[in-house]
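Let me begin by presenting the structure, written as structure tokens, before commenting on it.
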Amino acid sequence: MIKNNIKEALKEGSVLKGVNFRYRILKVLGLGSYGITYLADIINEAGERTNMQVALKELFVAECNDRKDSTVSVFSNKELFDQLYRKFKREAQNLHSISHNNLINVYEGFEANDTAYYSMSYISGESLADIIKTKGRIPEKEALEITIMLAGALDELHSHGLLHLDVRPDNILMNSGKVPVLIDFGLAKHFDEKGEPDTIVGLGNGESGYVPMEQTSYHAGFGVPKTMDIYALGATLYNMLTGKVPPSAPEIFNYGFSEDELAAAGVSRPTIEIVTKAMQPLWKDRYQSAAHLEKAIKIALDGESDKPEPVAESAEVIPVETVMPSQPIPEMINEEATAIDYQEDEATSLEVVSASGGFQDERTTVDLENTSLDIMPAAGYQSDERTRVEEMPAFPAQSYNVTGKDTSKKNRTLAFLLIGLIIAIIGVMIATDFYTGWIRELFRTPVECVVLEAD
């Protein structure tokens, strides 16, 4: 995008009349593709200076506008200029309604010279970029404190349906050398309730190292994720910590995020993880809001960064599969919510830890919705992959020792009864044969008789 030229700016001493104030141009502060920013005095009706200076931004599109005296004209692409004109006015209205210590304060918006303007607080402090160049890098604690303030500013901005889209050290002024203030809303984009931008104007390329891939390759219909500003803020933190220009988003996408520069600068592990997550190439892998990033930094500053982040409600919980003994356990337990300390013994011993203790009978049938049990396969048992136990939460419950009923005596009794029955049947058979001889007759072998005739 072609940037404006200093020759196209308003001349020093030019006077503009706003809604509530009158302004006299002192000098040019900055030139962008969509506007020119001036330092101006607020003057009274008599043209005398007051004790207040402001930054005054003028809509002047390099590829659309030219100037004759003070008046702005459109020489090409009037449709684009008209869209930017509406966007600029809405931007002024929205910023005027936002009050935050780390966002530039907009006083008023107005129209003059056939274009639009808005005035905002003027901060004479150095930019964050200048401070980094001077110091080489910023101490970790100070860098985190600056980032957490900017995250709060972005959260406020996003809540009003506005994305900055150009967060970087050059666009952050340090008020009194300590308080960061986000400025330059030239690329800012409004989005509606569905997350769609309010105009067809592109999102702007931003500056390499601070702009995510989805911003440079934006396609209408995919919404405007707030995580674009999160990426840029993470890259700004990287620059503060290392003094180096952050790697580009395509570089991270193709080769992964390198921690070498951060580690070489002595950055702590929790902070490295914050930067890494904020600068993920895929927007779904980043912090999903400025508030989430703000919270992560607060935890790091409090020294509690080793605590795991809570699982999102929408996250899929994968059931845990546990290997159990292949030999079936005697019928006793509701398998879905119960686990057992199992030890092979003649009188199968079970230890059941129960939350409610709902035992039903001597066969140890347990109907417990919240029972937590551990399964210890006895020696010699083989694992059975078909057996699945869902992991259940443990409860600090009372323990019961339940001994399963010994079935060995019952089995021996049945065996003796069967043997006695067989012996009794044999005795009856022998007794009847003694009187009738039917058994002997059954097993007698017939003898063939041969009659010999005499010669």
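Screening MET228 against (1) buried (at least 22 other Cβ atoms within 10 Å of the Cβ); (2) modelled with pLDDT of 95 or more leaves a single unmet condition, (2).
Per the listing SER289, SER314, SER305, the residue uniquely hydroxyl-bearing (Ser, Thr, Tyr), surrounded by 15 or more Cβ atoms within 10 Å (Cβ to Cβ) and modelled with pLDDT under 90 is SER305. Among the residues making up region 93-136, those that are out of contact with any Ser or Thr (no Cβ under 9 Å at 6 or more places or on another chain) and either without any contact (Cβ under 8 Å) to a residue 40 or more places away in the chain or surrounded by fewer than 15 Cβ atoms within 10 Å (Cβ to Cβ) (or both) are GLN93, HIS96, SER97, SER99, ASN101, GLU111, SER124, ASP130, LYS133, THR134, LYS135, GLY136. Looking across region 11-52, just one residue is in contact (Cβ under 8 Å) with a residue 60 or more places away in the chain, touching an Asp or Glu at 6+ places or on another chain (Cβ under 7 Å) and among the aliphatic types (A, V, I, L, M), and that is VAL19.
Condition check ((1) part of a strand (DSSP E or B); (2) of a type outside the set (Asp, Glu); (3) farther than 22 Å from ARG168 by Cβ) across all residues:
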position: ASP66; (1), (2), (3): yes, no, yes
position: SER76; (1), (2), (3): no, yes, yes
position: GLU79; (1), (2), (3): no, no, yes
position: LYS87; (1), (2), (3): no, yes, no
position: GLN93; (1), (2), (3): no, yes, yes
position: TYR117; (1), (2), (3): yes, yes, yes
position: ARG137; (1), (2), (3): no, yes, no
position: GLU142; (1), (2), (3): no, no, no
position: ILE146; (1), (2), (3): no, yes, no
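Touching a residue at least 12 places away in the same chain (Cβ under 8 Å), crowded, with 21+ Cβ neighbours inside 10 Å and more than 26 Å from ASN65 (Cβ to Cβ): does that describe LEU173? For LEU173, the condition - touching a residue at least 12 places away in the same chain (Cβ under 8 Å), crowded, with 21+ Cβ neighbours inside 10 Å and more than 26 Å from ASN65 (Cβ to Cβ) - is met. The residues of region 221-268 that are among the polar types (S, T, N, Q) and part of a loop (DSSP other than H, G, I, E, B), listed by number, are SER248, SER258, SER268. Among the residues of region 53-79, those identified as free of Cβ contacts under 8 Å to residues at least 40 places away in the same chain, more than 40 Å from the chain's Cα centre (by Cα) and surrounded by 14 or more Cβ atoms within 10 Å (Cβ to Cβ) are CYS64, VAL74, ASN77. Filtering region 157-167 to residues that are within 20 Å of the chain's Cα centre (by Cα) and surrounded by fewer than 21 Cβ atoms within 10 Å (Cβ to Cβ) leaves HIS158, SER159.
Within region 98-115, the residues that satisfy the criterion of being closer than 30 Å to GLY177 by Cβ, out of contact with any Pro (no Cβ under 7 Å at 6 or more places or on another chain) and either modelled with pLDDT under 90 or assigned to a loop (DSSP other than H, G, I, E, B) (or both) are ILE98, SER99, HIS100, ASN101, ILE104, ASN105.
Annotation for region 53-60: at least one member residue is outside any strand (DSSP E or B), on the phi < 0 side of the Ramachandran plot and in contact with a helix residue (DSSP H, G or I) (Cβ under 8 Å, 6 or more places away or on another chain).
Could you list all residues from region 29-52 that are crowded, with 16+ Cβ neighbours inside 10 Å and either touching a Pro at 6+ places or on another chain (Cβ under 9 Å) or of a type in the set (Val, Ile, Thr) (or both)? Matches in region 29-52: ILE36, THR37, ILE42, ILE43. Checking each residue in region 148-187 for being touching a helix residue (DSSP H, G or I) at 6+ places or on another chain (Cβ under 7 Å), under 14 Å from GLY30 (Cβ atoms) and assigned to a loop (DSSP other than H, G, I, E, B) picks out ARG168, ILE183, ASP184, PHE185. Of all the listed residues (PHE60, PHE75), the sole one being under 19 Å from GLU108 (Cβ atoms) and outside the structural domain of LEU163 (by TED's automatic domain parsing) is PHE60.
Considered as a group, the residues in region 95-114 that are farther than 18 Å from LEU39 by Cα and polar (S, T, N, Q) include one that is nearest to the chain's Cα centre (by Cα), and that residue is ASN102.
The values are calculated or read from the model by the stated rules, or taken from the named source; none is laboratory data. Small disclaimer: the values here were computed from a predicted structure and weren't measured. Virtual Cβ from ideal backbone geometry, glycine too; neighbours counted across all protein chains shown.
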